[in-house]
1. Quick one: would you say Arg33 is in a helix (DSSP H, G or I) and modelled with pLDDT of 95 or more?
2. So which pairs qualify, if the first residue must be in the range 1-29 and surrounded by 10 or more Cβ atoms within 10 Å (Cβ to Cβ), the second must be at pLDDT 95 or above and part of a helix (DSSP H, G or I), the Cβ gap must be under 8 Å, and the two must be at least 6 apart or on different chains?
3. Those residues that are β-branched (Val, Ile, Thr) and modelled with pLDDT of 90 or more, I need them from the range 1-30; list them, please.
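The values are calculated or read from the model by the stated rules, or taken from the named source; none is laboratory data. These numbers were taken from a predicted model, which means no experiment stands behind them. Counting neighbours? That spans all protein chains shown, and the Cβs are built from the backbone with ideal geometry, glycine included.
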Amino acid sequence: MATEEETGERTPLDDVMEDIRRELVMRVAEADRDEHREIYDALEHE
């Protein structure tokens, strides 16, 4: 399976994998914010 690093060209699979990574990062960040809401709120009001 070719990747961008190997061929220098983007494939539809590369685009899908990038979308999946982006969505995963967003979900992890949201879960972290929810889990540590009191810390984020305290920092926001400093």
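1. Details: in a helix (DSSP H, G or I): yes; modelled with pLDDT of 95 or more: no.
Considered against the rule, which asks whether it is in a helix (DSSP H, G or I) and modelled with pLDDT of 95 or more, Arg33 comes out as no.
2. Once the first residue is surrounded by 10 or more Cβ atoms within 10 Å (Cβ to Cβ) and sits in the range 1-29, its partners that are at pLDDT 95 or above and part of a helix (DSSP H, G or I) give Thr3/Asp14; Glu4/Asp14.
3. The initial filter retains those residues of the range 1-30 that are β-branched (Val, Ile, Thr), namely 3, 7, 11, 16, 20, 25, 28.
Once the filter is applied, which keeps residues that are β-branched (Val, Ile, Thr) and modelled with pLDDT of 90 or more, the range 1-30 yields Thr11, Val16, Ile20, Val25, Val28.
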